[in-house]
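Working notes, beginning with the structure itself.
Where a number appears in this text, it was derived from the coordinates with a stated rule and is not lab data. Note that the structure is predicted; figures quoted are calculated from it, not measured. So basically every Cβ, Gly included, is an ideal-geometry build from the backbone, and we count neighbours across all protein chains shown.
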Amino acid sequence: MQTQNKGTLTTEKNMGTYQDNQLKDRVSRIVIGADHGAFEAKEALKSYLETVGYKVFDVGTNNSTAKVDYPDFALAVAKKVASGECERGIMLDAAGIGSSMACNKVNGIRAALCWSPETIVNSRAHNNANVLTMGTTMHSISDMASMARLWLETRFEGGRHWPRINKMMSIERM
């Protein structure tokens, strides 16, 4: 379980039980973005992820007072992942729904709105999601940190899932 103390996060990582018998994925470069309402959660999550060894690229927003539109930041996250500059992306807004929709408009992106350890693992293991969106009004910062770490460490299983991924990605060419 994650705990939050005066703006810092520490981890006990109870959510890791979904992968106890599997190798963890190795991701080093991630991009993170948020709208004004999710700014504080983004800052805490960014700090936590840097503490546990990830190189985090922050595409904004840079404050919680200026009203901004989440699609602008979702696009920036998705572009960094689609270009290969970052291996994965995390986008935060109030519910996570709009950001997921915006990210998925970018070719090569498989954004998943996740809300539980089960959806986190499924999005990676079966769907090879490369962008995670979460709603900051739905979760505590410590839960988002646990879910983000689980998502970053969950490997795509490949195998029987590849044909479905290929079909999903072929839709972009229609």
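A compact table of results
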| read-out | value |
| --- | --- |
| Residue-span extension gain [D69 to S83] - 0.36 nm each, minus C-alpha spacing | 2.8 nm |
| Spin-label model distance (nm) - L23 vs I165, 7 Å beyond Cα toward Cβ | 1.5 |
| Only Lys, Arg (+1) and Asp, Glu (-1) charged, at Cβ; the stretch 73-126 dipole about Cα centre in debye | 140 |
| Antiparallel content of DSSP bridges confined to the chain, in %, to 5 | 20 |
| Pair M174, H126: separation of 7 Å Cα→Cβ label points (nm) | 2.1 |
| Check: the chain dipole with +1 on Lys, Arg Cβ and -1 on Asp, Glu Cβ, in debye | 540 |
| Separation between Cα centres of the stretch 130-174 and the stretch 61-126, rounded to whole Å | 10 |
| Lys/Arg +1, Asp/Glu -1 at C-beta; the chain dipole; positive extreme among C86, S140, I171 | I171 |
| Residue-averaged [θ]222 nm for the chain, counting only DSSP H segments that reach four residues, each worth -39500 (n - 2.57) | -11000 deg cm²/dmol |
